[in-house]
Amino acid sequence: MFWIIVVPGLLHSVELPMGSAPEALATPHFPDRLHAFVWRNWQLVPPERLAQTVGTSPDTILEMGRSMGLSGPPSVSEDQWRRSYITIIRRNWHLLPYDQLLTLLGWTADQLAFCLREDDALFTKLGSLKPQCPPLAFSPPAEQVQARAAEIAAVVRAAFPAGVGTTQEPLFGFVDALSKPADDLPAVPRESAFSPRFCYSYFALYGDPLMDDRTDPFPDAYLGRLAAAGVNGVWLQAVLYKLFPFPWDESLSEGYETRLANLAKLVARARRHGVGVYLYLNEPRAMPMPFFDAHADLKGVVEGDHAALCTSVPEVRAFIRDAVASICKAVPDLAGFFTITASENLTTCWSHFRGQTCPRCAERGPVAVVAELNALIQEVVSQAGSGTQLIAWDWGWADDWTEGIVAALPKDVSLMSVSEWSIPIRRGGVDSVVGEYSISEVGPGPRAQRHWAIARNRGMKTIAKIQANNTWELSSVPYIPALENVAEHAANLRDAHVDGLMLGWTLGGYPSPNLDVVAEVGSSARPTPQQALETVARRWYGEAAPAVSSAWRGFSTAFREFPFHIGTLYQGPMQMGPANPCWETATGYVSTMVGFPYDDLLRWRSVYPADVFIAQFEKVAAGFEQTLATLKRDVENLTSGAEALRAPVSAVHKANLAREIDVAEACAIHFRSVANQARFVSARDALPGAQTLEAARPHLDELERVLTSELDLAVRLHAIQCRDSRIGFEASNHYFYVPVDLAEKVVNCTDLLTRWLPSQRAKYGL
């Protein structure tokens with residue numbers, strides 16, 4: 001449901017989504033909600049804005065933070081502020097009501113409403129609900145509150161002697177690093193059997209990336225790094241009514257000329273690096289129900305508070321035709337478009353498989369509606385005569401749609417399929433099927449191969465969508481160093497004569513060895529996966545190449561034990577790792593799509609029994625840990641022993657090695673933490689049923705072991721993230737966690753170990 005939130009200072013009311021609006025979660029490890037608010041925003045929001053939000057002074061905010069042992073805070077640059085809004089929204093979701101959240105962000109309700117809907121389904125990631133939060137106002141802390149703050153400070157000083165709240169590398173430091181020219185880029189030929197090879201920006205803002213050129217999604221130096229890693233294309237989201245006057249309400253299109261101009265500039269810059277630009281179209285965008293009061297003849301399928309613009313209506317098709325034609329005219333060097341026409345946002349009446357509720361589209365059926373939209377765009381592209389390519393992505397199509405849609409498409413359209421989709425797997429004795437987003441399983445799978453065969457029979461080119469760098473198996477690292485799996489997948493696609501590659505969705509745009517190995521496999525030399533690993537390892541790590549390529553094989557072997565299921569990918573705690581708190585009682589909240597995992601073990605494990613889920617993550621973690629220990633030993637021998645005298649490792653290669661080790665260790669920590677958290681929930685939920693000391697003791701001991709381990713993991717990951725700003729970040733979610741969140745986990749675990757667990761032991765006379 002939607003509640004009308006009247007925001008003070010605005011001229012009109014704006015509907016912001018509330019959903020079921022349950023009570024917000026408490027934070028018993030903090031003195032009160034106000035201290036939780038200060039802590040969680042310490043590294044992200046200037047104290048002046050925090051003070052304004054709760055009605056106090058900046059000095060008071062600083063005093064509160066420092067009373068809990070926080071140092072700093074660091075200054076928040078304008079660039080960090082622009083890039084942090086999703087991280088800020090997420091951490092305040094259970095702390096602030098909407099009006100105070102708007103004050104904190106400095107936004108209007110219109111801005112927040114657009115963000116929640118259009119920023120890659122943010123409201124869905126937040127659970128499709130807004131917890132009820134009473135207004136938060138400053139009041140002088142009582143004596144017991146001050147005492148608890150002092151206890152937290154003591155915990156912080158003991159666990160983090162170097163301090164919490166400042167970092168060696170500031171948040172988003174990687175943006176500056178990737179935006180500077182590099183002298184160490186490999187000068188290697190980049191001809192390939194795959195073209196295009198396109199990816200998303202590692203740090204683009206998703207919602208409206210072309211409006212603000214202060215947050216350039218593709219700086220020149222970054223484009224150069226991508227090209228050096230074998231990328232020849234990049235993509236970003238386009239919303240047609242933001243790039244062309246919307247004929248029924250031109251106010252929605254304000255600034256479209258600026259966006260087109262910025263797009264043209266980006267395309268021109270990218271071409272200088274041999275990189276093409278592709279626009280993602282998910283059109284036509286649904287409109288809110290009040291829009292149709294004046295345009296009832298355009299209304300298609302209704303979904304919640306929005307309805308589709310029905311593409312069976314000629315005026316809607318005319319808008320799409322004119323908008324695409326305008327883009328092609330304004331930016332003739334645009335490399336291409338790719339479309340999603342089912343399952344993502346509500347677009348056509350058949351996009352969410354409910355076209356039978358539209359009197360026009362019900363008779364036509366999904367095949368005709370989806371094929372017509374793609375054919376329309378291709379017609380416009382062909383008429384433009386600019387060489388712009390259309391890629392129709394079958395993501396979300398029902399399998400029985402494909403043959404009919406492909407038969408109705410012009411041959412100039414390329415068909416893209418998720419390579420690993422529908423591969424059957426068996427992990428821990430449990431049968432499952434890969435949906436997408438897998439590096440743990442090597443493709444291609446039967447669905448993609450069938451669809452590519454249909455396209456080839458029509459004379460169409462084929463594109464494989466893969467995840468070369470990372471996946472929702474773990475997106476909090478710039479890449480998962482399971483490069484043998486990536487190389488084998490690329491070799492299989494090369495041998496299957498796939499024409500091009502989409503290298504990743506919003507996650508996976510870091511210029512990494514993973515991208516490099518895909519390009520190497522596609523080179524004219526046609527190397528084996530092992531040969532490609534060795535070549536790329538030498539390029540990045542010099543004399544340490546044998547040790548690194550051996551580690552890549554070890555990580556790949558370990559990763560093949562990942563308990564894959566699409567439910568686990570979206571609902572599990574992998575992205576948060578040890579930053580996810582432990583709760584002493586069940587939260588009652590359902591885990592959300594790569595948003596809040598909460599303590600929802602039922603959905604984390606999906607088709608896997610709890611013990612199998614835990615065992616599989618422990619296998620993955622142990623494999624990463626053991627391989628990492630060997631890599632560290634080999635690198636230490638190479639850089640400090642006799643080997644260093646015979647074959648010195650350059651400064652660049654040493655730096656690359658240190659970052660590689662940090663990435664691998666972050667992976668191991670995340671996987672170990674998932675197993676820990678599942679063990680914690682299992683033991684916590686089993687404990688109340690224990691009637692005797694003998695029955696309770698194993699659960700109590702398990703809880704102590706897990707909390708101690710989680711505390712240690714949080715300290716270790718805090719150290720890594722403080723020196724490597726890439727850790728914890730993903731483009732469409734921003735930071736899943738920042739260092740103060742990992743420090744909060746230490747406070748959380750310490751509180752449970754010293755307050756809650758003793759109280760549980762006391763129930764059994766311990």
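The values are calculated or read from the model by the stated rules, or taken from the named source; none is laboratory data. What you see is a predicted model; the values in this text were computed from it and never measured. Here the Cβ positions follow ideal geometry from the backbone for every residue, glycine too, while neighbour counts run over all protein chains shown.
Among the listed residues ALA731, ALA743, ALA714, ALA719, identify the single one that is in the same structural domain as VAL674 (by TED's automatic domain parsing), hydrophobic (A, V, I, L, M, F, W, C) and surrounded by fewer than 19 Cβ atoms within 10 Å (Cβ to Cβ).
Details: ALA731 fails: surrounded by fewer than 19 Cβ atoms within 10 Å (Cβ to Cβ); ALA743 fails: surrounded by fewer than 19 Cβ atoms within 10 Å (Cβ to Cβ); ALA714 fails: surrounded by fewer than 19 Cβ atoms within 10 Å (Cβ to Cβ).
The conditions single out ALA719.
Please enumerate the residues belonging to the range 345-357 that are crowded, with 23+ Cβ neighbours inside 10 Å and hydrophobic (A, V, I, L, M, F, W, C).
LEU346, CYS349, TRP350, listed by residue number.
Of the numbered conditions (1) touching a residue at least 60 places away in the same chain (Cβ under 8 Å); (2) assigned to a loop (DSSP other than H, G, I, E, B); (3) in contact with a helix residue (DSSP H, G or I) (Cβ under 6 Å, 6 or more places away or on another chain), TRP350 satisfies every one except a single condition; which is it?
Looking at each condition in turn, TRP350 falls short on (1).
Would it be correct to say that GLY404 is farther than 18 Å from GLY459 by Cα and outside the structural domain of THR568 (by TED's automatic domain parsing)?
Criteria not met by GLY404.
List pairs: first in the range 288-302 and in the same structural domain as PHE246 (by TED's automatic domain parsing) and without any contact (Cβ under 8 Å) to a residue 60 or more places away in the chain, second assigned to a helix (DSSP H, G or I) and among the charged types (D, E, K, R), Cβ under 7 Å, 6+ apart or cross-chain?
Pairs found: LEU298/GLU315.
Hey, among the residues in the range 380-429 that are among the charged types (D, E, K, R) and within 30 Å of ILE614 (Cα to Cα), which one's surrounded by the fewest Cβ atoms within 10 Å (Cβ to Cβ)?
Here the residue is ARG426.
Being touching a residue at least 12 places away in the same chain (Cβ under 8 Å) and more than 25 Å from HIS489 (Cβ to Cβ) narrows it down to one of GLN378, GLN467, GLN389, so name that one.
GLN378
Please state which of the following conditions PHE174 fails to meet, knowing it meets all the rest: (1) modelled with pLDDT of 85 or more; (2) closer than 14 Å to TYR510 by Cβ; (3) in a loop (DSSP other than H, G, I, E, B).
(3)
Quick check: anything in the range 564-571 out of contact with any helix residue (DSSP H, G or I) (no Cβ under 9 Å at 6 or more places or on another chain) and assigned by TED's automatic domain parsing to the domain that holds VAL442?
no
Filter the range 34-46 down to the residues that are in a helix (DSSP H, G or I) and without any contact (Cβ under 8 Å) to a residue 40 or more places away in the chain and list them by number.
Once the filter is applied, which keeps residues that are in a helix (DSSP H, G or I) and without any contact (Cβ under 8 Å) to a residue 40 or more places away in the chain, the range 34-46 yields only VAL38.
With surrounded by 21 or more Cβ atoms within 10 Å (Cβ to Cβ), over 24 Å from THR506 (Cβ atoms) and either in contact (Cβ under 8 Å) with a residue 12 or more places away in the chain or not basic (Lys, Arg) (or both) as the only criterion, which of LEU96, LEU112, LEU126 stands out?
LEU96
Scan the range 335-347 residue by residue and report those that are out of contact with any helix residue (DSSP H, G or I) (no Cβ under 7 Å at 6 or more places or on another chain) and not polar (S, T, N, Q).
Once the filter is applied, which keeps residues that are out of contact with any helix residue (DSSP H, G or I) (no Cβ under 7 Å at 6 or more places or on another chain) and not polar (S, T, N, Q), the range 335-347 yields ALA335, GLY336, PHE338, ILE340, GLU344, LEU346.
Considering (1) modelled with pLDDT of 95 or more; (2) over 25 Å from the mean Cα position of the chain (by Cα), say which one SER524 fails and leave the rest.
(1)
Could you please let me know if ARG197 is in the same structural domain as GLY508 (by TED's automatic domain parsing), of a type in the set (D, E, K, R), buried (at least 23 other Cβ atoms within 10 Å of the Cβ) and in contact with a Pro (Cβ under 6 Å, 6 or more places away or on another chain)?
no
Where in the range 671-766 are there helices (runs of 4 or more DSSP H), lying fully within it, with 2 or more residues that are free of Cβ contacts under 8 Å to residues at least 60 places away in the same chain and not basic (Lys, Arg)?
693-723, 757-762
Just for the range 578-606: of the residues that are among the hydrophobic types (A, V, I, L, M, F, W, C) and not in a loop (DSSP other than H, G, I, E, B), which one is surrounded by the fewest Cβ atoms within 10 Å (Cβ to Cβ)?
LEU602
When you scan the range 721-766, how many residues do you find that are of a type in the set (Ser, Thr, Tyr) and under 20 Å from ALA683 (Cα atoms)?
Going through the range 721-766 one residue at a time, the tally reaches 4.
Between ARG83, ARG157, which is touching a residue at least 12 places away in the same chain (Cβ under 8 Å), surrounded by 21 or more Cβ atoms within 10 Å (Cβ to Cβ) and either in contact with a strand residue (DSSP E or B) (Cβ under 9 Å, 6 or more places away or on another chain) or not polar (S, T, N, Q) (or both)?
ARG83
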